[in-house]
1. Anything in the range B:346-379 that is part of a strand (DSSP E or B) and under 16 Å from B:Gly518 (Cα atoms)? List them, or say none.
2. Which pairs have Cβ atoms under 6 Å, sit 6 or more apart or on different chains, and link a residue in the range A:158-169 that is within 11 Å of chain B (Cβ to nearest Cβ) to one that is assigned to a loop (DSSP other than H, G, I, E, B)?
3. Can you confirm whether A:Leu59 is in the same structural domain as A:Thr362 (by TED's automatic domain parsing) and within 15 Å of the ligand (Cβ to nearest atom)?
4. Taking only pairs six or more apart or across chains, which ones have beta-carbon atoms under 7 Å, a first residue in the range B:150-163 that is at positive phi, and a second residue that is outside any loop (DSSP other than H, G, I, E, B)?
5. Show me the strands (runs of 3 or more DSSP E) entirely contained within the range B:1-109 in which 2 or more residues are surrounded by fewer than 22 Cβ atoms within 10 Å (Cβ to Cβ) and touching a residue at least 60 places away in the same chain (Cβ under 8 Å).
6. Given the condition open to solvent by 90 Å² or more (accessible area, probe 1.4 Å) and closer than 29 Å to B:Ala790 by Cα, answer yes or no: does some residue in the range B:703-720 qualify?
7. Keeping to the range B:433-463, report how many residues are exposed (fewer than 14 other Cβ atoms within 10 Å of the Cβ) and either modelled with pLDDT of 70 or more or of a type in the set (Lys, Arg) (or both).
8. Give A:Trp20, A:Trp63 a once-over and let me know the one that is in contact with a Gly (Cβ under 6 Å, 6 or more places away or on another chain), within 11 Å of another protein chain (Cβ to nearest Cβ) and open to solvent by less than 10 Å² (accessible area, probe 1.4 Å).
Amino acid sequence: MSAGTRPPGADLPEHPDHLWREPDPKRSYDVVIVGGGGHGLATAHYLARAHGITNVAVLERGWLAGGNMARNTTIIRSNYLWDESAAVYEFALKLWEGLEAELDYPLLFSQRGVLNLAHSLQDVRDSVRRVEANRLGGIDAEWLDADGVREVCPIVDISPAARYPVLGGTYQPRAGIAKHDHVAWALARSADAAGVDLIQGCEVTGIDVRGGRVTGVRTTRGSIAAGRVALCAAGHTSVLAAMAGFELPLQSHPLQALVSELLEPVHPTVVMSNAVHVYVSQAHKGELVMGAGIDAYTAYTQRGAFHVVERQMAAALELFPVFARAHVLRTWGGIVDVTPDASPIVGRSPVAGLYLNCGWGTGGFKATPGAGAILAHTVAHDEPHPLARPFSLDRFTTGALVDEHGAAAVAH
Amino acid sequence: MPRQLPSSAHPFRLPTGGRIDRSRTLTFRFDGVAYTGHPGDTLASALLACGVRQVATSIKLGRARGVFGVGSEEPNALVRIEAPYAEAMVTATTVELCEGLVAFGLPGRGRLPDGPDPARYDAVYAHCDVLVVGAGPAGLAAALAAARTGARVVLADENGELGGSLLGRGAADDWGARARDELAGFPQTRVLRRTTVFGYYDDNYLLALERRTAHLGAAAPAHVSRERVWRIRAGRVVLATGAHERPIAFADNDRPGVMLASAARAYVHRFGVAPGRRAVVFTACDSGYPAALDLAAAGTEVAAIVDARPQAGLWAQRARDAGLPVRAGHAVTGTSGDPCLTSVAVRELRDGEPTGPVAVVDADTLLVSGGWNPTVHLFSQAGGTLRHDPARVAFVPRECRQAVEVVGSAAGAFTLAECVADGARAGARAANREATEADLGHVLAPPPDPDDIGGGAPPVPLWLVPGPDEPRTHFVDLQRDVTVADLRRATGAGLSGVEHLKRYTTAGTAHDQGRTSGVLTTGVAAHLLGVEVSALGTTTYRPPYTPVPFAALAGRDRGALHDPVRVTALHDQHLARDAVFENVGQWKRPWYYPLAGEDMAAAVARECRAAREGVAFMDASTLGKIDVQGADAGVFLDRLYTNMISTLKPGRIRYGVMCRADGMVLDDGTVLRTADDRFLVTTTTGNAAAVLDWMEEWLQTEWPQLRVHCASVTEQWATVALVGPRSRDVLSALAPQLPSSSDDFPFMAWRDTRVAGVAARVCRISFSGELAYEINVPPWYAPHVWEAIARAGAPYGITPYGTETMHVLRAEKGYPVVGQDTDGTVTPQDLGLGWAVSAKKRDFVGKRSHARADTARPDRKQLVALLPDDRHTLLPEGGQVVADAPLPAPPVPMLGHITSSYRSTALGRTFALALVRGGRERVGQRIYVPVGSVLVPVTVAEPVLYDPEGARRDG
Ligand SMILES: Cc1cc2nc3c(=O)[nH]c(=O)nc-3n(C[C@H](O)[C@H](O)[C@H](O)COP(=O)(O)OP(=O)(O)OC[C@H]3O[C@@H](n4cnc5c(N)ncnc54)[C@H](O)[C@@H]3O)c2cc1C
């Protein structure tokens, strides 16, 4: 070790000295938010800060932000195909750009760019299509050829001899990553400071509906009356909908992710590939953070199957031969709520006063501030936010789907 | 060459003992300095023998760190390897020494080697009745008991030598050797050394990593895989994974020279290395004593045994009898050294608080034993729950839904006799066969246990020795530099659960995944929060148990075997004609066949001309083919296709479209009826597997009552498309018996016949609008038939063509390609295929959705052709379409996008297909395609640009 160099872990930001209270639930609230993940906490933050509604409880059955919020690979981007989606994710991305200041918390939000690789002629068509749509939509997007890909990320193997050679990729420079815990805790601290009760270890076990209107929830910590209830339960939303007497077009699947040991910086951006299915970034501490597709079977267990990980490692080495002697340090799984068109459901539900925010599936982290702001608006006004309108539940009846499978297929 | 060192180069090597081969000397380099060691050493033991105390620096604070443990629990001694092969980051305690090893200490962060790794890795499957994990006394007993019943047993241990904790205690050499020998005699038993079971998944599916050649260094044979993943399915699992010793948090507990007591003892017995010259032992349980006695016996002066327990019991007596000073009811409160340990501060401990005068004891080594953590990681991965056993001060297994039993110290048993008896019983039970007491006799007779002196004193929970200052150097997680002060800040911030505390401080997230720090974190946090340790619990243990190299998991699934390449029976023919290939799904398909000096555009133009004006042929073998058989086959296909299939007559062919439940096109293709109860369905190349899955899903989950069976026959046929006005002439020459008139062999019919002497099925279908045939033959005759066609077509200038020409030809006819002109948001009606959607059928998949408000809207995006005003401008595929020029400010409303775009020799111009909002209404209108900074004006046209009357199809 040469003297004078700073230890690699010396300069990472620390969490603050105060985060939140641990209150007991009150008997009644104006708004109850079910689920203390990123979306629930963001909704509480914006209800308080943007709409002045503070008589609010966030009910979390486990520990705060311990669901998908604690398990995701933190990719943030807005280069979705369809106008409706791009609008929502771009709205969120703009909020991200001001969020550290807004929350006064180091979020490790890093706009290091996201590359989506193309490996076949059809991938190229789809990529160009998305880039063109993004540019006309006012979102930063570039199509790079293979050399351009290598310029952005020198460790990607662009050899034409590869099994599925890299033919190019789309690049969104403003995209990037953030540190999930920091984001959740910053939102929680803000909501708590505004008077919102964050209640952990409190599972909602029933939803009371009278005359078609929600009146409260039953929980493992007693009954709580509520004027309005917002569901932010991600992979368990269909379970809650069943408590309120309706069904949702959701399937819950395990989605796994993993990290390597801490490594000196090698990977400057975020790379995603659908054909050679893996996505990778290198976090601030130095670990490679990676994931791939959902486990095929539906489940509520936060466990996946190992062949999914093996397959993903093979893909990782195809794209990044230098990763060969990196090690898998830890793997885990979350439960993601997948809709038929890979787009979220946000807005009113069949029960008055009960609002939906679900179906973000494998890609809702990037939406966190946006989803919170939109849902808070929807709850506050009992009226879907304009950006939420295309994502209403009734699109599955009318057929006005926002199908992001085609061009975005890795929807993280 | 490193110079040969004198034996004084091993100042800490004991004159005798250890399981090393002193007859051979290995040279290695660490941080640029040459050293020597012996076979049997680890890098850690060799460094200790050479007197190297500082191995690394810490990640946040840059503090000096030395070897702390002896195996995979090591939190400190991280190194990077450069030779014999590069490793980004491993622990020195798990690196077996080999000749020429080159390693460097790391500051908690690894460095990836440049370039790819040429080594081989592989994976195998194993099935067994009983998998025993861990070959310590409990595991050996379990494996023996199970093996004696005749069960198929797999025994895996991460060390190169069986014996587990026996090795590190110098105990029971005979017993261990007998057990090893006997196990070797069971043909049904497989013993895996250097094999770490790292994952425990559902249904007793476990993953293990075998390190096959690393210990051989440069002498490793190249043909042997470096590492192997074992995928083991076990009837029952016996976890005999042992226990890890736990450190204690006190001031400056991280100096090089501070070491787990069990590790120090193992260095003596396994490696013949004295951890130091003068040691202090700090213990909260009996384990410190045998370590102290062993060290003393090996010649290390034991300056003090500091026992936190006021009543130290029988062991203290033993120690005193051996002349070792014991300070019961005392604690180590701090250390000094720069940076390596030179002295230890000791004070009396009263009600958990140090009191009275500080005694400073000179020492270069401090052994610590805070108690034991059963190694329950795999058990937790299996879904097992834990409970806290206050008597043992340990989290022990409670229950698990899988067929697993935990034995030995992993279950909290700490005497050898208990471990062996436990293991033997569990092994026999797991084998689920009758094993008599006599069978088990030898196994059940425990070996003599040097640590069992017939009564010890119970351990006490000791997590933290407070003072003297702020606990900023009271390390809880050495690897993450997490201190008691950090935990105090976290609890002060409002956090009260282990998962939050872990995330706030990062304790337990490092390379060792909290092996030594996890329970200590819980203990300290419980102390700070004033709650019971049992109430706080541990964080969730997740796979893998130890870090697993990416390359090992990728295995052989690399390069050409990554999604293995598929080629058709005609691949050599294409190579011989210099085809350029395109990846289509897993297939390699000829994209075009350039002649010398031709670029792609020229080659495609030539191929297109041949097909339109003379004759051309292509390999169409990759199209998916599914044999659908059974009494209800017609009913079944009627439900899946939008059009009627059951009315098709044998001998005839129909084009059909399949939709998903949302009404969007899933796939298209032709259906041949081959018998009353049998159809041959063709799919697009990329969707062959998906369509078969789709069929199976409906059959198995929705319509199990239908009598239908489906089988993929894609590779049972090779298919050659013979296309163009002269195709009939070519075919007649090869199949003179086949009727040539369209009356006798009409469009959309098929015939079984012989082509070039080979039994063949010939279909009259056309994806180009020209007179065309598809000739299907068994694949092994395909080269013969292909060459025969080439010869028969030579007089007509027959030309092979690839997928690009196929696309131009079909696009000129407005035929959509699923996946290119569709994207899962396109209905058959949008494609202009409304004629293929039955209005009569009561139901088919997607029908209901076609009636939905949005799906039935007249202004949906529809497939149209676009003609650039400039006949030479080639529009970019993927380009967007807008209504007006100039462009407004973003967001610009978009009408749709270009799905296909080509130069057409037949039309003498460029053209494109596009999905455009209300496209059919816009035919004749001028719209625009933004390309870079210009707006290209185009005119909307009907999609069929070539031969709209269909006059050419019959030749
Ligand atoms: C492995 C993985 C990788 C991912 N990668 C990305 C990525 O790179 N980029 C991206 O944008 N998105 C990603 N995602 C998706 C993203 O994590 C989710 O879409 C998003 O976190 C969902 O919103 P949330 O944070 O509110 O969900 P969660 O954090 O899951 O919050 C839901 C909460 O509801 C609670 N809850 C459920 N039922 C009840 C009940 N009955 N009572 C009380 N509480 C209840 C749960 O305990 C949970 O805490 C990934 C997801 C996973 C699993």
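1. B:Ser369, B:Trp372, B:Asn373, B:Pro374
2. If the second residue must be assigned to a loop (DSSP other than H, G, I, E, B), the pairs left are A:Arg163/B:His562; A:Tyr164/A:His119; A:Tyr164/A:Ala275; A:Tyr164/A:Val276.
3. Details: in the same structural domain as A:Thr362 (by TED's automatic domain parsing): yes; within 15 Å of the ligand (Cβ to nearest atom): yes.
The answer is yes for A:Leu59.
4. B:Gly163/B:Gly176
5. Fully inside the range B:1-109 and qualifying: B:26-30, B:101-105.
6. yes
7. In the first step, residues of the range B:433-463 are kept if they are exposed (fewer than 14 other Cβ atoms within 10 Å of the Cβ); the result is B:434, B:436-438, B:441, B:445, B:448, B:454-455, B:458.
Next cut, either modelled with pLDDT of 70 or more or of a type in the set (Lys, Arg) (or both) only: B:445, B:448, B:454-455, B:458.
Total meeting the criteria: 5.
8. A:Trp20
The values are calculated or read from the model by the stated rules, or taken from the named source; none is laboratory data. Computed from a prediction, not measured in an experiment: that's the story for all the values here. Here the Cβ is made from the backbone with ideal geometry for all residues, glycine too, and neighbour counts use every protein chain on show. Keep in mind that these areas ignore ligands, DNA and RNA; they rest on the heavy atoms of the full protein, side chains included. Shrake-Rupley method; radii C 1.70, N 1.55, O 1.52, S 1.80 Å.
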